Amino acid sequence: VQLVESGGGLVQAGESLRLSCAASGRTFYNYAMAWFRQAPGKEREFVAAISWSGSSTDYADSVKGRFTIARDSAKNTVYLQMNSLKPEDTAVYYCAATSLPQTIQSNDYKYWGQGTQVTVSS
């Protein structure tokens, strides 16, 4: 599975962004998908995950109520809608795929994109 993220950029606090992750290669609908992020000097952290069917989602407490993960199997794409962005959301955001059931553990994800930068100014 090849993953390519897009949609990052520079926004002000309170604004929104939508990240996209286009998948190619193996059958997309067999994979649970997730978003992780890594800020400078910090460990990579879980943001959101979605099951292969799209019927189940998980969110980090820090983004719950502000971010929404969704997938469009017809387009082989997973999205992360980010609203009410805060400066602490600044990070490189990575898309990841796993053949395991939906999980929040980064070590469970075999396939990763190259990342897209999100910068939120105060």
key: Cα-centre dipole for the range 45-112 with unit charges at Cβ (Lys and Arg positive, Asp and Glu negative), debye to 20   = 200 debye
ask   = In the chain, what percentage of the DSSP-assigned beta bridges are antiparallel, given to the nearest 5?
value = 90 percent
inquiry  = How much accessible area per residue does the chain have, counting only protein heavy atoms and a probe of 1.4 Å, in square angstrom?
reply    = 51 Å²
message = Placing unit charges on C-beta atoms (Lys and Arg positive, Asp and Glu negative, everything else neutral), compute the dipole magnitude of the range 1-65 about its Cα centre in debye, rounded to 20.
response = 120 debye
ask   = If R0 is 41 Å, what FRET efficiency do you get for S121 and T27 from their C-beta distance, rounded to 0.05?
value = 0.55
Karplus-derived 3J(HN,Hα), 6.51/-1.76/1.60, for each residue of the range 101-114, Hz, glycine and proline x = x, 2, 8, 9, 8, 4, 5, 7, 9, 8, 10, 9, x, 8
query = Roughly how many Å is it from the Cα centre of the range 78-100 to that of the range 1-57, as a whole number?
reply = 5 Å
note = Filtered hits (aspartates and glutamates, Cα-Cα < 15 Å from K42, offset >= 8 within chain) -> E88, D89
task = State to the nearest 20 debye the size of the charge dipole of the chain about its Cα centre, where the only charges are +1 on K and R beta carbons and -1 on D and E beta carbons.
result = 200 debye
task = Quote to one decimal, in nm, the extra length available between S56 and S6 on full extension: 0.36 nm per residue of separation minus the C-alpha distance between them.
result = 15.7 nm
note = With all protein chains present, the chain has a carbon and sulfur share of its accessible area (1.4 Å probe) in percent of 46 percent
ask   = Mean 1/r over all different Cα pairs, inverted: what Kirkwood radius does the range 1-88 give, in Å?
value = 13.6 Å
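The values are calculated or read from the model by the stated rules, or taken from the named source; none is laboratory data. Predicted model, so just to flag it, every value in this text is computed and none were measured. Positions of Cβ are generated from backbone atoms using ideal geometry, with glycine treated the same way; all protein chains shown enter the neighbour counts. Protein only, heavy atoms only, side chains kept; ligands, DNA and RNA dropped before computing areas. Shrake-Rupley method; radii C 1.70, N 1.55, O 1.52, S 1.80 Å.
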